Amino acid sequence: MAEQKRWYTQSLTSLSVMAGFLIMSVSGVVAFVNPQGRIAYWTDWTMLGLSKEQWGDIHILSSLLFVVAGVVHIYYNWRLLMNYLGQKATAGRKHKREIAITVLVSLIVVVSAIWKLPPLSYLLDLNAHVKELWVVHKDYEPPFGHAELLSLKVFCQKTNIPLEGAMTVLKEKGLGGVEPDRLLRDIARANGTSPMALYRHLKPLEAKPQPTAVVAAYTAEQVESQFAGTGIGNKTLPDLAAEIGQDPAQMKARLVQKNLKVSDDLPLKQLATQNNVQPLELLKAALVDAYRPR
């Protein structure tokens, strides 16, 4: 009679801890280098055939596997762990400096993450920089946040594109499932393409924006009313100044006076990130003398 195979629960939990750690590590590296959500969803970005959302789900579930397997592992090895910790506690009297350094390093990591303190904050800056490297051309930027989640009809309204013309162009390109109430994202996925590619087909139909009336002196309320949700984050300060008839030097002077970083080349959203504020708040500070961003 064949010997019944024994079930090794402790081996299973140990292997599960290792598997969770390895998968979590790989997905963590991908999370470090993948593009910002607005770019990933707009361009239908993937790595190894998986989307940003799928990599995020893998990271969450592998972290859960690591934690659950770790708890089970501790349960089965409780006595050994307590004996080990007792021995280490006794030996710890000889290693006070090492323990203190470990606690200090842990606190530094947590505090640096919360308050963006150097030098560890430089890693966070590197992370932001790596994510922005995916934007090699302005066409990679959506016209506004979460544009892919709008229906074709609403998207056309917000971009001043005639709906009937848009449907005709997309159908002429051989795309199927083009319906006014269908999400731009869903139309793109059904045709094996990206929302960005659909927009590039439609962009020639986009009506040129009407010249903005020049305002002599803005209030914070006027800035919010005029610019909220208009995609200002994709434009530089000089571009915005030219659009609204303001002096770019004066806008930059207001920011400098408020100890805020200034750049002619960075899009407003990147400049806002460097100043730890929202793009709209940065624009308010650039246009309103007495306003300080929140």
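The values are calculated or read from the model by the stated rules, or taken from the named source; none is laboratory data. Note that the structure is a prediction, hence the values are computed from the model and not measured. Cβ atoms come from the backbone with ideal geometry, glycine included; neighbour counts cover every protein chain shown. Only protein heavy atoms, including side chains, enter the accessible area calculation; ligands, DNA and RNA are left aside. Shrake-Rupley method; radii C 1.70, N 1.55, O 1.52, S 1.80 Å.
Every residue in the stretch 243-256 that is of a type in the set (A, V, I, L, M, F, W, C) and surrounded by fewer than 18 Cβ atoms within 10 Å (Cβ to Cβ), please.
Ala249, Ala253, Val256
May I ask you to verify whether Thr219 is open to solvent by 40 Å² or more (accessible area, probe 1.4 Å) and over 27 Å from the mean Cα position of the chain (by Cα)?
Spelling it out, Thr219 is indeed open to solvent by 40 Å² or more (accessible area, probe 1.4 Å) and over 27 Å from the mean Cα position of the chain (by Cα).
Kindly indicate whether any position in the stretch 162-171 is open to solvent by 50 Å² or more (accessible area, probe 1.4 Å), of a type in the set (D, E, K, R) and touching a residue at least 24 places away in the same chain (Cβ under 8 Å).
There is no residue in the stretch 162-171 that is open to solvent by 50 Å² or more (accessible area, probe 1.4 Å), of a type in the set (D, E, K, R) and touching a residue at least 24 places away in the same chain (Cβ under 8 Å).
Restricting the stretch 222-242 to residues that are at pLDDT 85 or above and open to solvent by 70 Å² or more (accessible area, probe 1.4 Å), which is farthest from Gln270 (Cα to Cα)?
Only one residue fits best here, namely Gln222.
Please enumerate the residues belonging to the stretch 257-294 that are open to solvent by 20 Å² or more (accessible area, probe 1.4 Å), in a helix (DSSP H, G or I) and hydrophobic (A, V, I, L, M, F, W, C).
Within the stretch 257-294, just Leu280 meets the criteria.
When you go through Ser25, Ser62, Ser11 one by one, which is the residue that is on the phi < 0 side of the Ramachandran plot, open to solvent by less than 40 Å² (accessible area, probe 1.4 Å) and assigned to a helix (DSSP H, G or I)?
Ser62
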